[in-house]
Amino acid sequence: MPTLRRYTVLPRLPAPLERLRDIAYNLWWSWSPVARSLFVRIDPDLYDEVYGNPIELLSRASQQKLDELATDDAFLSHLEAAWTTFNAYMSREGWFKKTYPNAKDARIAYFSMEYGLHQSLPIYSGGLGVLAGDHLKTASDLGLPLVGVGLAYAEGYFRQVLNDDGWQGERYPINDWTRLPVLPVHGPDGKRLIIRVAYPDRTVLAQLWRVQVGRVPLFLLDANLEENAKVDRAITGPLYGGDQEFRVRQEIMLGIGGVHALEAMGMSPTACHMNEGHSAFLALERIGRLMRERGASFAVACEANSAASIFTTHTPVPAGNDVFQPELVRRYLEPYRAALNISEEQLLGLGRSDPRDAKSPFSMPVLAIRSADHYNGVSALHGEVSRKMYKTLWPELPEHEVPIGSVTNGVHIASWISAEHGELYTRYLGPRWADEVDDPAFWARAQNIPDAELWQVHEHRRHRLVQLCRHWRRVAAERRQLTPDEIERAQQVLDPRALTIGFARRFATYKRATLLFSDMARVKRLLGDPDRPVQLVFAGKAHPQDKGGKELIRSIVHASRDPELARRVVFIEDYDMRIARAMVAGVDVWLNTPRRPHEASGTSGMKAAANGALNCSVLDGWWAEAWARHGSEVGWAIGRGEEYEDGAGDALEAEVLYDLLERDVVPLFFDRTPHDQLPRAWIRRMKNSISKLIPEFNTARMVREYTDTFYVPAITLSKRLREGNLAEAERLTTWKEKVRAAWPHVAIQSVNVRSKEQLYVGEPLDVEALVHLGSLTPDDVVVELYHGQVAAGQDLPRGDVVPMKLVSRTEHGHLYRGSIPTKDSGSHAFAARVMPHNPILTHPYETNLVRWG
Ligand SMILES: *Cc1c(COP(=O)(O)O)cnc(C)c1O
């Protein structure tokens, strides 16, 4: 046999079409309807086949077709329109520059294990990635000086294929990075830029790819190079595959390799945002560099690094977090430990809740918290859960004072609404809706959309979803090589006029995808009513190792084969962003049934709401907030926010869900006005959903919140700490050392109440405390009264704080006085406390020292 050598011949882009390529290499097209429809138009079937990847599309389109388009006026004017829109977008001044004109040399590096930007770039698995993708798109909209850092997976996340029994199998198609909308990064010498990352006994090389997301670049590290050993080439193989050791290797590449990459490109970050703990090793490299390049001590470098670091946690269950065996971390981080000049115990202590516990494993989120001064959860409720989860890191503080706040997630609206909804908003709210996306007054105008028009667009999208489901089922049936009869039957599903309920997300057991099937007789009655038909569309992947999740998928597939449910229940294979977009725009109701409080935020319901679908959800994550503010105006709550031990509430909540659907949801949907058949009351809620939820649950609001509360303060403070060769960081470190050394001698000698014991509302409680400061001065501390209402036999609950004033110094100590206001009657309690204070601290608990009286 001769050796066959393959080669590819690419079509030439005729000159009038050259701009197509410029547009194709900027993911701006993924949220621009004018650009998307331009690519579809080139060859709709091919567009579908290549998952909307424009580079693949352009390289596989026939030369003849392209030559035709080059002389097609209609196409050329469409291209011109896209080009004009693109340039206007790229050149406009952003919100950031207008709001923070002084932050000129700011650069925020955003690190994430996954990015969901578009279905053609399969480097995401689910919500975390989609959030990161939406974060970048919004940073571009707002003109933030932000760069993304991630990994260029050769395999990425798996594609889901179900067997005849409905059991999930996984396929890992290989990504050809030369055929994706990404470009290689070159060094000043014109060659591929290569970075070198230290691993035990070896160096691993990585090259870089640049994904342009509007005005924001995303850099992806790729270790799949011939120079690397096979195990090392696999570092950027699958997303979330492999064992613990594999994950350590991967996370070193993301965090440490990521810092190398930015530095090699001359893009030294002024702030680093860790989206989840996977990238937390970056701190070690950042600290090491400060020590190497600026001659700082470990402690000073830590101060300068943490002031500039932000950590967002997304995981409300400890089991969901990355923890590694100490031995593994010890081995892999040895080169870094040596460079930092710290002991093994010190190194491992950075990832332990209790640094002295030599047995406890190394936790990435703990490392992230230890190496950042800013931390947050992703919904108000998740903030609470996170404070509970990590309170052992601040052992002296009441739980609600644990300094982990929350920034509620959002979605990038332009990416998630259908083109038809976009046109509707343009017509009735104005063409600037994408720029006013977080202005409630602006979105109040959604009430002006005529009922009939909103309903028409909605019904159109529901029809489209039904068509797509049938199409996807045909494709799946053909892949399984079913008989022509079976393929025909696979397409005979769904009714475009039925009330359509969507459920799509990762199939983790806590999300309870099969809650609706707990009473088969009841669900058959619900779906099978010929006058008021209801149907269910499911989609979602289970983690390859999650047998329980796969079991849920199989049971839905089996249910969908029950003759009484056959046309009313479908499971769509291989959930991805494309299927998500079709579903959120086409369903009437978006169902979410997690076990509270396991859903950190959830975002798919926000996407549905942005298209006017109504949410029906357990009060968890974002929906708990939406419900608290708007109640039944915008959808339905399953239960009232109860929490049960694992599984104990399932039967009860299923019951509640059936009742809700039977009594409220279905009747409302089929309540039509006689002359025009419009469900007016339903449409009213759709409009509320659009006008009230869009301006809150979008990423413009979210990214602005990150910018105002984290990025800008972090940039400002870390700049100050770094000035004069880290002089201020040096001062802060010295001060903290002084405070730590003096702290054992700090004591509250006595606390006296100067008012009478029995008070009436409005009379303050005056308190005096005699405080020993040891070698500290009053400038080094704050003395406070922590007070609150108590039920009998309870510890001090959520309290408020009032400062005490220094009134005199005596030979016995410093005398402080303060007054606690009395606003409510009842039983109250207070305690006095001393904490270190320095205006340069990021938050008052940074030193983690509190002395209670
Ligand atoms: C939005 C989205 C998710 C996240 O959905 P949740 O409601 O947060 O679970 C997951 N996967 C895809 C493809 C998505 O588009």
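Kindly indicate which of Arg196, Arg210 is part of a strand (DSSP E or B), surrounded by 14 or more Cβ atoms within 10 Å (Cβ to Cβ), assigned by TED's automatic domain parsing to the domain that holds Ala264 and among the charged types (D, E, K, R). First the steps, then the outcome.
Details: Arg196 fails: surrounded by 14 or more Cβ atoms within 10 Å (Cβ to Cβ).
Selected residue: Arg210, the only one of Arg196, Arg210 that is part of a strand (DSSP E or B), surrounded by 14 or more Cβ atoms within 10 Å (Cβ to Cβ), assigned by TED's automatic domain parsing to the domain that holds Ala264 and among the charged types (D, E, K, R).
The set of residues from the stretch 472-506 being within 16 Å of the ligand (Cβ to nearest atom) and under 24 Å from Gly528 (Cα atoms) comprises Trp472, Ile501, Gly502, Phe503, Ala504.
Residues of the stretch 95-114 being in contact with a Phe, Trp or Tyr (Cβ under 6 Å, 6 or more places away or on another chain) and under 25 Å from Arg159 (Cβ atoms), which ones?
Of the residues in the stretch 95-114, the ones in contact with a Phe, Trp or Tyr (Cβ under 6 Å, 6 or more places away or on another chain) are 108, 114.
Result: Glu114, single match.
Of all residues in the stretch 764-816, count the ones that are part of a loop (DSSP other than H, G, I, E, B) and not charged (D, E, K, R). Spell out how you get there, then give the answer.
Initial filter on the stretch 764-816 (part of a loop (DSSP other than H, G, I, E, B)): 764, 773-777, 790-799, 804, 811-812.
Next, from what is left, pick out any that are not charged (D, E, K, R): 764, 773-777, 790-794, 796-797, 799, 804, 812.
Residues in the stretch 764-816 being part of a loop (DSSP other than H, G, I, E, B) and not charged (D, E, K, R): 16 in total.
Scanning the stretch 660-672 for residues that are surrounded by 12 or more Cβ atoms within 10 Å (Cβ to Cβ) and over 24 Å from Glu625 (Cβ atoms) returns Glu662, Val666, Pro667, Phe669, Phe670, Asp671, Arg672. Pairing residues of the stretch 126-140 that are within 25 Å of Phe507 (Cβ to Cβ) with residues that are within 9 Å of the ligand (Cβ to nearest atom), at Cβ distances under 6 Å and at least 6 apart in sequence or on separate chains, gives Gly126/Arg506; Gly127/Thr603; Gly129/Gly116; Val130/Gly116; Leu131/Asn409; Gly133/Gly116; Asp134/Val411.
When Trp627 is tested against (1) within 12 Å of the ligand (Cβ to nearest atom); (2) in contact with a strand residue (DSSP E or B) (Cβ under 7 Å, 6 or more places away or on another chain); (3) part of a helix (DSSP H, G or I), only condition (1) is not met.
It is to be established whether one or more residues within the stretch 741-763 are among the charged types (D, E, K, R) and outside any loop (DSSP other than H, G, I, E, B).
Of the stretch 741-763, the ones among the charged types (D, E, K, R) are 754, 756-757, 763.
Subsequent filtering for residues that are outside any loop (DSSP other than H, G, I, E, B) retains none.
No.
Checked against (1) touching a helix residue (DSSP H, G or I) at 6+ places or on another chain (Cβ under 8 Å); (2) within 16 Å of the ligand (Cβ to nearest atom), Ala132 passes all but condition (1). Only helices (runs of 4 or more DSSP H) whose full extent lies in the stretch 70-159 are considered here, and the ones with at least 2 residues that are touching a Leu at 6+ places or on another chain (Cβ under 8 Å) and over 30 Å from Leu17 (Cα atoms) are 95-99.
Working only within the stretch 587-624, note down all residues that are in a loop (DSSP other than H, G, I, E, B) and within 12 Å of the ligand (Cβ to nearest atom). Answer for the stretch 587-624, where residues must be in a loop (DSSP other than H, G, I, E, B) and within 12 Å of the ligand (Cβ to nearest atom): Thr593, Pro594, His598, Glu599, Ala600, Ser601, Gly602, Thr603, Asp620. Looking at Ser59, Ser112, just one residue is of a type outside the set (A, V, I, L, M, F, W, C) and at pLDDT below 95, and that residue is Ser59. Filtered by the rule that a residue be more than 7 Å from the ligand (Cβ to nearest atom) and assigned to a loop (DSSP other than H, G, I, E, B), the stretch 573-586 gives Glu573, Asp574.
Yes or no, residue by residue, for (1) at pLDDT 95 or above; (2) surrounded by fewer than 23 Cβ atoms within 10 Å (Cβ to Cβ):
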position: Tyr510; (1), (2): no, yes
position: Arg522; (1), (2): yes, yes
position: Leu526; (1), (2): yes, yes
position: Pro530; (1), (2): no, yes
position: Gln535; (1), (2): yes, no
position: Phe538; (1), (2): yes, no
position: Gln545; (1), (2): no, yes
position: Arg561; (1), (2): no, yes
position: Arg567; (1), (2): no, yes
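Is it the case that some residue within the stretch 57-64 is in contact (Cβ under 8 Å) with a residue 60 or more places away in the chain, closer than 20 Å to Leu180 by Cβ and crowded, with 16+ Cβ neighbours inside 10 Å? Checked against the condition, which is being in contact (Cβ under 8 Å) with a residue 60 or more places away in the chain, closer than 20 Å to Leu180 by Cβ and crowded, with 16+ Cβ neighbours inside 10 Å, the stretch 57-64 yields at least one hit. All but one of (1) more than 16 Å from the ligand (Cβ to nearest atom); (2) of a type in the set (Gly, Ala, Ser); (3) within 24 Å of Phe571 (Cβ to Cβ) hold for Gly148; which doesn't? Every listed condition holds for Gly148 apart from (3). Could you check, for the stretch 98-105, whether at least one of its residues is assigned by TED's automatic domain parsing to the domain that holds Val216 and under 23 Å from the mean Cα position of the chain (by Cα)? Checked the stretch 98-105: no residue is assigned by TED's automatic domain parsing to the domain that holds Val216 and under 23 Å from the mean Cα position of the chain (by Cα). For Ile556, the conditions (1) among the aliphatic types (A, V, I, L, M); (2) within 16 Å of the ligand (Cβ to nearest atom); (3) part of a helix (DSSP H, G or I) all hold with the exception of (2).
The values are calculated or read from the model by the stated rules, or taken from the named source; none is laboratory data. Computed from a prediction, not measured in an experiment: that's the story for all the values here. Heads up, the Cβs are rebuilt from the backbone with ideal geometry, glycines too, and the neighbour counts pull from every protein chain shown.
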